[in-house]
1. Do the conditions hold for Val14, that is, is it out of contact with any Lys or Arg (no Cβ under 9 Å at 6 or more places or on another chain), under 30 Å from Arg170 (Cβ atoms), at pLDDT 70 or above and hydrophobic (A, V, I, L, M, F, W, C)?
2. For region 67-162, list the helices (runs of 4 or more DSSP H) that sit wholly inside it and hold at least 3 residues that are modelled with pLDDT under 75 and closer than 19 Å to Ile10 by Cβ; which are they?
Amino acid sequence: MRGTEFGFVILRTVGLLLTLYALTTLGFAVSQMYLGAPASLEGDFGWMLKVNLVSWLVLLGVGVQLFVSARRIAAYLFSSAEGGVEAIEGGDSQSIAFSVLGLWLVVFSLPSFVQLAIQLFWSLRAGADLERDAFFAENGFDFLRVCLECAVGGWLFLRAKQVSRYWVSRSRRR
């Protein structure tokens, strides 16, 4: 099986799963918003719904984009330096594994990143240092974790070939 064919099947499957996951997340976000809002809180909950919808839109957008662009992404990931497409070899399976791991990290951390970034934006927009300090006291480590997951996931997804080559060269030296 050629690398692009295998990558196409994997990416299209992941895109479909993400789209289905986004649809289940939408139901949870809306029900949480309308059924799970604490009675002790007062005010407009519209911004909370928007934060939950942004997370849903990110998942849906990534899932649909993967499903639609799977062939082009697979051609990029598995093309050789000469421009041709090669068959899958041993090192290519590691490249596929690193790509899938990176994609998984990005996709499942991106909604949390967007949600925390919006909360940070509103905390900074409030203008009070107390609001900003309260945000970082409650969510500082989560925000750092999500940022690192997105960065490492993106790096693994985009640089899977180089990571695989490095991994193989390190294992051959031993």
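1. yes
2. 90-126
The values are calculated or read from the model by the stated rules, or taken from the named source; none is laboratory data. This one's a predicted model, so the numbers in the text were calculated from it and none came from an experiment. Reconstructed Cβ throughout: ideal geometry from the backbone, glycine too, with neighbour counts over all protein chains shown.
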